[in-house]
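Remarks on the structure that follows.
The values are calculated or read from the model by the stated rules, or taken from the named source; none is laboratory data. Please read these numbers as outputs of a predicted model, since none were measured by experiment. Quick reminder, even Gly has a Cβ in these numbers, built from the backbone with ideal geometry, and neighbours come from all protein chains shown. Heads up: the accessible areas ignore ligands, DNA and RNA and are worked out on the full protein's heavy atoms, side chains in. Shrake-Rupley method; radii C 1.70, N 1.55, O 1.52, S 1.80 Å.
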Amino acid sequence: MSVSIFLNNTKVQIVTGRKGKKGVFERAIKVDAPEGSIINGIIMEPERFADFLNHVWTANNLPKKDVILVVNSNKLPGRVIEIPAMSKQKSKEYMKRELSDMMRDGEEMLIAYNELANDSGKKMKKMYVELASREQIKDYMDIFGAAGITLKSIQSAEGSIIGLLEQATAKQYKTFVMQITNENIVSNILWVNGVFNYFNSVRLFNEPGTEGYYEDCARSLSNLKQFMAANKIDAPIEKIVIAGTERTDVSFYGSMVETFGIGANVEIMNYGLGDNPQTQFEAQKVIFALGGLFDSGKDENFLTNYSAKEKKSTVNPELKKNIITIAVVLAVMLIGFLTALFLKIQRQKKYDELKEYNENPAIVSQAMLFDTFSAKRDKLAAQSNSIDNMLNTIETYPVLSDEVINILQDTAKGYAQIEIGNFSADSGIVNVTAKAKDVEKINEYIKRLEEKEIFNSVKYSGYTMNQDGTWTINVICTFAEGVGRGDK
């Protein structure tokens, strides 16, 4: 069992469950931290907060290992950037340069990042990259350690929720707004054409649950609408998905949203949170903590780039002893210097002989010949590396193998008759024509395709009614890298 804890202000969220690509929610705990002990995700009173953690863990019989910390704080800045395809180490260096304006002088900064959905045909990749100071990460580890808790992962609220939505709501809608309320903070996440685009948080001043509170939430969406206009985002918003709410009926909120220029329907998040309606409702209340259970890879974890090595203190209480030691070392260095000077004089003659040898025309000619052969060897090595890189690239191209065709056909059984059309290994796209008597059957077939991990995306065109009363739809499936090569 894994434990994920979310820190922002006084109200602390804790969830238990199983961590994985599709996290499983089991139980939620919401507790108030000691007043003033945590502000904006920063722990202000370490000792009081460590005692608080120890009490909560003991009272709820929580495991002290496999613990994920999710933090919402402006001390963890981030932004979406585009980077060219390159090695992982070079990518990290590139990211740091792109976020250099966010770095604080005199602090060593660590990065964490989420790779966003990308078009496989493009050479640039979109990433959401964040920064945290090493000292800040160390403070979290020390405070939790004082309570006997070992942190396995530290990630931001933004990175956590991006990972969750990629496995949940983003599989349901392409362009949507996720709005999360957490006491007096509302966070808006914008997804455009299947890709994360924007995240912001706004402080609310009305009492949670009141009409004024929800009106403030709706008003924050108008700011998001202005952002879309400024960035020329024309895609229509399909849905406003809300989480963090205590109310089961949010139909009234749709009218409020519409008064601020957004006509999309409003619904409470449930997709990807299990099959039980009550479990879904409880899970959405603690959505930020729940995001810690959705594994997006080790790169969203700040601890991946954290080194546990401590810097040694430059202050030594035995100052007098150190001064004596330094004096002895200086004396030894002086003796060494004089000895080296004497040896230099003695060896000057030998050096002159060696110099004459090195300047000998016959020796110089042999050295040039060696350099020529070395250059040829390096050229052959470079050509060999190029061939290896080309072979590795070919291995990423998907193959429409019998196994893949069987998956396409098995997915359609009982739902539609399909005809597999053109396939492009370069783009990874295969065209499929689905035919069924009932439109809903085709819809269910599309959903079954979207659940298959061999696809990066599943898109489809409008329906066409045939003369025999059946319906036809064209489906465009984009395979993941290397599908059909036997190791997927």
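Arrange the residues Glu258, Glu215, Glu26 by how much accessible surface each exposes, largest first, with a 1.4 angstrom probe.
Largest to smallest exposure gives the sequence Glu258, Glu26, Glu215.
What is the local net charge at Phe260, summed over the other residues whose Cβ is closer than 12 Å to its Cβ (Lys, Arg +1; Asp, Glu -1)?
-1
In this model, which of Lys21/Lys232; Lys437/Lys459; Lys126/Lys413; Lys75/Lys125; Lys75/Lys123 are farther than 28 Å apart at the alpha-carbon?
From the list (Lys21/Lys232; Lys437/Lys459; Lys126/Lys413; Lys75/Lys125; Lys75/Lys123), the Cα-Cα distance tops 28 Å for Lys21/Lys232; Lys126/Lys413; Lys75/Lys123.
If you take all C-alpha pairs in the chain, what percent of them are over 31 Å apart?
Pairs farther apart than 31 Å: 59 percent.
Nearest 10 degrees, 0 to 90: what angle lies between the long axis of helix 319-358 and the longest principal axis of the chain (Cα atoms)?
70
Per DSSP H run of at least 4 residues, take -39500 (n - 2.57); add these up for the chain, divide by its residues and hand me the 222 nm value, nearest 500 deg cm²/dmol.
Helix contribution divided over all residues of the chain: -13000 deg cm²/dmol.
How would you order 360-366, 154-160 from highest to lowest mean count of nearby Cβ atoms within 10 Å?
Put in order of decreasing packing, that is 154-160, 360-366.
Rank these by accessible area, largest first, 1.4 Å probe: Arg48, Arg347, Arg448, Arg134.
Arg347, Arg48, Arg448, Arg134
For a protection proxy built on the mean count of beta-carbon atoms within 10 angstrom, sort 375-383, 408-416 highest first, please.
Ranked by mean Cβ neighbours within 10 Å, highest first: 408-416, 375-383.
If the only charges are +1 at each Lys and Arg Cβ and -1 at each Asp and Glu Cβ, what is the size of the charge dipole of the chain around the Cα centre, to the nearest 20 debye?
The dipole of the chain has a size of about 1480 debye.
Can you pull the accessible area of Tyr173 for me, 1.4 Å probe, Å² to the nearest 10?
30
For Ile387, tell me the accessible area in Å² from a 1.4 Å probe, rounded to the nearest 10.
Its heavy atoms expose roughly 90 Å² to the probe.
Quick one: order Lys96, Lys350 from most to least accessible surface, probe 1.4 Å.
Of Lys96, Lys350, the descending order of accessible area is Lys350, Lys96.
Of all the C-alpha pairs in segment 24-179, what % are more than 24 Å from each other?
45
If you average the alpha carbon positions of segment 1-75 and of segment 354-421, how far apart do those two centres end up, in angstrom?
So the separation of the two Cα centres works out to 48 Å.
Calculate how steeply helix 46-59 sits against the longest principal axis of the alpha-carbon atoms of the chain, using the helix alpha-carbon long axis, and give the answer as 0 to 90 degrees to the nearest 10.
50
Per residue Cα convex hull volume for segment 11-110, in cubic angstrom?
Spelled out: Cα convex hull of segment 11-110, divided by residues, is 165 Å³.
Leaving out ligands and nucleic acids, and using a 1.4 Å probe, what accessible area per residue does the chain come to in Å²?
Spelled out: the 1.4 Å probe surface of the chain, per residue, equals 57 Å².
Would you mind checking the tilt of helix 157-167 against the longest principal axis of the Cα atoms of the chain, expressed as 0 to 90 degrees and rounded to 10?
On a 0 to 90 degree scale, this one is about 60.
Dividing the Cα radius of gyration by the Kirkwood radius, what Rg/Rh value follows for segment 203-354?
For segment 203-354, the value is 1.49.
Any chance you could check the Cα centroid distance between segment 227-275 and segment 163-216 for me, in angstrom?
Value for the Cα centre distance between the two parts: 8 Å.
Below 8 Å between Cα atoms, with a sequence gap of 6+, how large is the relative contact order for segment 177-331 in percent?
Result for segment 177-331 is 17 percent.
Report the accessible area of Asp299, computed with a 1.4 Å probe over the heavy atoms of all protein chains in place, in Å² rounded to the nearest 10.
Here the residue's solvent-accessible area equals roughly 40 Å².
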